[in-house]
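Only one structure is covered here, and it is reproduced in the block below.
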Amino acid sequence: MKLSRRDLIKITSGLALAGLRRGAADNLVPAQQISSAAGLDAAAFTDGSYEITVRRLGWTFGGAIGRSITSISVSDGTDALGAWQQIDLTYDPLRTSSIRLYATKATALFSTTYGQAGANADPFPRFTTYPKGLFPFSYAGLWSYQFGALNPASPWLCFDGQANAFCSLLPPTS
């Protein structure tokens, strides 16, 4: 069967578009995910993005390392707070960041281990998305506070109408 140039372009364009759609869909599927009995979920993607979800509240926090991951693995163990499971994200330059969920506590612990000396130029976690519809609180300056705004030079608190809250020491990045 002989194909015309037009038919060949249609076929290759269709295959390329299907490949793009497949690549976008693959990024929606976590490379690793863990859950805790306390109601937290964590997911990591190969592009360096990650999500933490609080199931009971429907809150999702999203962030990104800002570079591709060379290795993603899951480990588990026990410490003074109890049993835990964590996702380990390895990336260059010789760095591993972890998201740890405790089995019976609604607690997520974030950590980074450096495999070589270097500047602390890439903070972790670096959240870029937060739950919507929360009420913000932060300090406006020495001894003054403000509701409804977040001062990037202050720790801040976000809460809902049922007194559920989270605190952050780092402002969101865009």
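The values are calculated or read from the model by the stated rules, or taken from the named source; none is laboratory data. All figures in this text were calculated on a predicted structure; none of them were measured in a lab. Don't worry about glycine lacking a Cβ; one is built from the backbone with ideal geometry, like all the others, and counts go over all protein chains shown.
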Count - residues of region 28-43 that are buried (at least 18 other Cβ atoms within 10 Å of the Cβ), in a strand (DSSP E or B) and at pLDDT 95 or above: 4
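Look through 160, 122 and report the one residue that is touching a residue at least 12 places away in the same chain (Cβ under 8 Å), more than 28 Å from residue 56 (Cα to Cα) and not hydroxyl-bearing (Ser, Thr, Tyr).
On the way: 160 fails: more than 28 Å from residue 56 (Cα to Cα).
When all the criteria are applied, what remains is 122.
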Tabulated pairs, region 91-113, first free of Cβ contacts under 8 Å to residues at least 60 places away in the same chain and at positive phi, second in a loop (DSSP other than H, G, I, E, B) and surrounded by fewer than 18 Cβ atoms within 10 Å (Cβ to Cβ), C-beta under 6 angstrom, 6+ apart or interchain: 94/115; 94/116
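Tell me the strands (runs of 3 or more DSSP E) entirely within region 81-174 that contain at least 3 residues that are over 15 Å from the mean Cα position of the chain (by Cα), at pLDDT below 90 and among the small types (Gly, Ala, Ser).
On the way: elements: 82-91, 95-102, 108-114, 127-129, 135-141, 144-147, 156-159, 165-168.
Correct list: 135-141.
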Single unsatisfied condition, residue 69 versus (1) surrounded by 19 or more Cβ atoms within 10 Å (Cβ to Cβ); (2) in a strand (DSSP E or B); (3) at pLDDT below 95: (2)
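Does residue 150 satisfy the condition of being touching an Asp or Glu at 6+ places or on another chain (Cβ under 7 Å), surrounded by 11 or more Cβ atoms within 10 Å (Cβ to Cβ) and either aromatic (Phe, Trp, Tyr) or over 21 Å from residue 38 (Cα atoms) (or both)?
Numbers: touching an Asp or Glu at 6+ places or on another chain (Cβ under 7 Å): no; surrounded by 11 or more Cβ atoms within 10 Å (Cβ to Cβ): yes; either aromatic (Phe, Trp, Tyr) or over 21 Å from residue 38 (Cα atoms) (or both): yes.
In short, no.
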